[in-house]
1. If you count the DSSP beta bridges with both ends in region 119-250, what percent of them are antiparallel, to the nearest 5?
2. Taking the mean number of other Cβ atoms within 10 Å as a proxy for protection, how do you rank 247-260, 106-119 from highest to lowest?
3. State, as an integer percentage, the relative contact order of the chain based on alpha-carbon contacts under 8 Å between residues 6 or more apart.
4. Under 5 Å between amide hydrogens, which residues at least 5 positions from Ile177 or on another chain qualify, with H placed 1.01 Å from N in the peptide plane?
5. For the residue pair Ile37 and Tyr282, what label-to-label distance in nm results when each label sits 7 Å from Cα along the Cα-to-beta-carbon direction?
6. Select from Val269, Val182, Val93 the residue whose mean-square fluctuation is largest in a Gaussian network model of the chain (Cα-Cα springs shorter than 10 Å).
7. How much length is gained if the chain between Ala57 and Glu338 is pulled fully straight, taking 0.36 nm per residue apart and subtracting their Cα-Cα distance, in nm to one decimal?
8. In region 3-339, if the dipole is taken from +1 on Lys/Arg beta carbons and -1 on Asp/Glu beta carbons about the Cα centre, which of Ser144, Ala287, His188 is farthest to the positive end?
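What follows is calculated from the coordinates using simple rules that are stated; it is not laboratory data. This structure is a prediction, so every number in the text was calculated from the model and none was measured. Don't worry about glycine lacking a Cβ; one is built from the backbone with ideal geometry, like all the others, and counts go over all protein chains shown.
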Amino acid sequence: MDKAQLKATAEKIVANGKGILAADESTGTIGKRFASINVENVEPNRQAYRQLLLTTAGAEEFIGGVIQYDETIRQSTDDGKRFADLMEELGVVPGIKVDTGAKDLADHAGEMITEGLDGLRDRLAEYYELGARFAKWRAVINISEDNNLPSDYCLNANAQALARYAALCQEANIVPIVEPEVIMDGAHSIETCESVTTRALTALFNELQNAGVYLEGILLKPNMVVSGTENPRQAGIDEVAERTVRVLKNCVPSSVPGIVFLSGGQSDVLATQHLQAMNANYEMPWALSYSYGRALQAPALKAWGGEAANIPAAQAAYLLRARNNTAAALGNYNDEMEAA
Ligand code: 5MM
């Protein structure tokens, strides 16, 4: 493990308010996104869409890293430049999703465990050769107040898998993003989201310490603390910011260089507003930035609609979200910036 390299890579990704584009939708997930715009889920369309994002002029000012899917890291632009090489030239760090998905946790109805540890050492070695310098693994934590979920067993099993993954990444000189996503869906209150997120992060850092993971060489990708989507009381921006910062300060060691939120189904602008409220109003020991999938891509996907003629409009929509989220990561965003 080259600790200096790991720390430098993690810091580079989140330097100066930069964030991450999560473009690692697996084939099934990108199919759902394409279905919303009536685009067929075939390899040439996936290549065209990822190329659109990766060739957006000026995005490198805001985007420090891009998470790719296995297919994407092997793809190239129309003129034959590998996507990973293009990123390298632009100073954007290439990343790779290495989990193989969340599956039902045996004998624990409603709970999930993320798979992908078998053979991971060899896959990481290949991804490093292909240019990846950071990786991502996502655990899925469902809340059900009626069924008393999540169980401690689920939290601990996922935390242990995240820690084993993180240790393997660092052995390969790849920065691990650890993502324990507490899912927004459900009728639960924001208080429940806060307590479950606290339990998930406590279990995670306990296991990371047990595994000997070098905390200066990781990035944390958590959910924000929000009301369940079906809860009648939807907390406002300031409450989300206050509760999220409190949880992070209680659970995340200051040696972690960066925290990059997932958007989790929040609207694109709300995800930016939440990030702004945290960075503008609180002093924190880590860079607090973004690793959004839907909240960075949704307007671009809609503007594109699968038509080559719409690529400039789609790239402008993506650039606006990247620019505004980086402004929010620096505490400099305001609503007027949406009009640009
Ligand atoms: C981009 O979506 C990622 C991959 O999802 P699948 O493994 O289900 O295909 C996902 O992990 C994503 O990186 C995070 O959830 C953040 O994305 P959002 O849309 O929540 O910001």
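1. On the way: 1 of 11 bridges.
Bridges in region 119-250 that DSSP calls antiparallel: roughly 10 percent.
2. Top of the packing list down: 247-260, 106-119.
3. Rounded, it is 19 percent for the chain.
4. Excluding prolines and chain starts, which carry no amide H, the hits are Ala135, Lys136, Trp137, Leu219.
5. 3.3
6. Taking springs between Cα atoms under 10 Å, the residue moving most is Val269.
7. Gain on stretching Ala57 to Glu338: 99.3 nm.
8. Farthest towards the positive end: Ala287.
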